[in-house]
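The values are calculated or read from the model by the stated rules, or taken from the named source; none is laboratory data. Just so we're clear, the structure is a prediction, and the values are computed from it rather than from any experiment. Reconstructed Cβ throughout: ideal geometry from the backbone, glycine too, with neighbour counts over all protein chains shown.
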Amino acid sequence: MINIPKGTKDVLPSEVYLWQHVEKTARETAAGFGFREIRTPVFEHTELFLRGVGDTTDIVNKEMYTFLDKGGRSITLRPEGTAGVARAFLEGGLAGGVLPAKMYYLISAFRYERPQAGRLREFHQFGAELYGSASPYADAETIALADTFLKNLGLKAVTLKLNSIGCKHCRTEYHKALKEYFAPHLHEMCEDCRARYEKNPMRMIDCKEERCKVYTAHAPRMLDYLCNDCKAHFETVRELLDEAKIAYTIDPSIVRGLDYYSRTVFEFASAAAGAQGTVLGGGRYDTLLEQMGEKPIPAVGFAVGIERLLMVIAAENAPVPNEERPAVYLLGMDAQSRKKAYLLATQLRTENISCEVDLMERSVKAQFKYADKLGARFTVVIGESECAAGAAEVKDMKNSSSERVEFARLAQYIKERL
């Protein structure tokens, strides 16, 4: 037998209803904030991610699934959603339309990394992007969307952590301070940190190596180097969240793992989210389109991994809907009544009533057991006498009542009781 590739996972019919619950909540919450769905290709030209995500990130350096197509072009399976949405925003002419452009996506993405709890090589994300507004109100609205989404899922133990990483102007001084601080310790730090020291020293703060954490824990804070504009922007974001009663803590260690972020960055964290604890992350990326060689347009957004989110939902025992069951199971007792059951099922389905019939030629006793296992609300029993009378014996499994119902009235009878 050929096994599933490492780092991937099947979503079986018995659990897919949980995914549908998360996706439905995502769609409804996003719509409530005026965000509309966007769908982009699962693969893009590799250059998009090199320029958009950034060449100092682990994603670009270690984790991308990149290959040459038959035309010799370098193609990459998307490792995240933002770069593709940015390309679509430009290529689709949305930049010249009514702004802000508010979009959300539900996608699969791919990163070649060590599989662990809540982290796979093929994973799924819900993300939201808001283009065209540099206002701190856009930051607050995006954070509010994320907060509302998690609350709508019934999560209570997820906490918001907030930081500002400034703009390219105030980060120049901050990078100097970081280099001065890390220089004496560089020989004791990991290879990645030594490379980041030259290209983007702020990314060193995000290192997960224990030997590096000893030094990053006491590194200078970006908040102490913010220019006046960035400081005012961050203060307004905090005021708006306070007014909206969205609780948060300031965490100077949050820098996010992608090069395109600027100013506001945030994470929602939970102890149930695996080793890193992050459930949802995002922030502002006013320089993303500029990095892609285009005119700068301000933007802010977030993404949440659905696999990791499902772990948190299970750990918190958050409420989820029951798996959908058929409304009706039609049971035929002989060859003639089986055919009648099949025809009645066809009629009920045209009335949008979900139903099942026996397809395995089970015995009558086995059909009753199967109906019970399915959890159908109504069992419709049809035998020789029922066919002759033009009426079935309908049992309501909710209260164990039963009633003889004419075939012609069956759909209306069930609809009145569902």
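What to note about this one:
- The residue list ALA303, ALA272 contains one member that is among the aliphatic types (A, V, I, L, M) and part of a strand (DSSP E or B), which is ALA303.
Matching residues to (1) touching a helix residue (DSSP H, G or I) at 6+ places or on another chain (Cβ under 7 Å); (2) within 14 Å of VAL300 (Cα to Cα); (3) modelled with pLDDT under 95:
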residue	(1), (2), (3)
ARG121	no, no, yes
ALA138	no, yes, no
THR142	no, yes, no
ASP147	no, no, no
ASN152	yes, no, no
LYS168	no, no, yes
ALA183	no, no, yes
GLU188	yes, no, yes
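- The residue list ARG238, ARG263, ARG256 contains one member that is part of a strand (DSSP E or B) and either of a type in the set (D, E, K, R) or surrounded by fewer than 18 Cβ atoms within 10 Å (Cβ to Cβ) (or both), which is ARG263.
- Among the residues of region 386-404, those that are more than 45 Å from the chain's Cα centre (by Cα) and surrounded by 18 or more Cβ atoms within 10 Å (Cβ to Cβ) comprise GLU386, CYS387, ALA391, ALA392.
- Residue list for region 358-385, filter: touching a Ser or Thr at 6+ places or on another chain (Cβ under 9 Å) and surrounded by fewer than 21 Cβ atoms within 10 Å (Cβ to Cβ): PHE368, ASP372, GLY383, GLU384
- Taking the numbered list (1) buried (at least 21 other Cβ atoms within 10 Å of the Cβ); (2) touching a His at 6+ places or on another chain (Cβ under 8 Å) in turn, SER108 passes all entries but (1).
- Pairs are defined by a Cβ separation below 6 Å, a sequence spacing of at least 6 or placement on different chains, a first member in region 384-412 that is more than 16 Å from ARG338 (Cα to Cα), and a second member that is modelled with pLDDT of 95 or more and of a type in the set (Ser, Thr, Tyr); the pairs so defined are LYS395/THR379; VAL405/TYR413.
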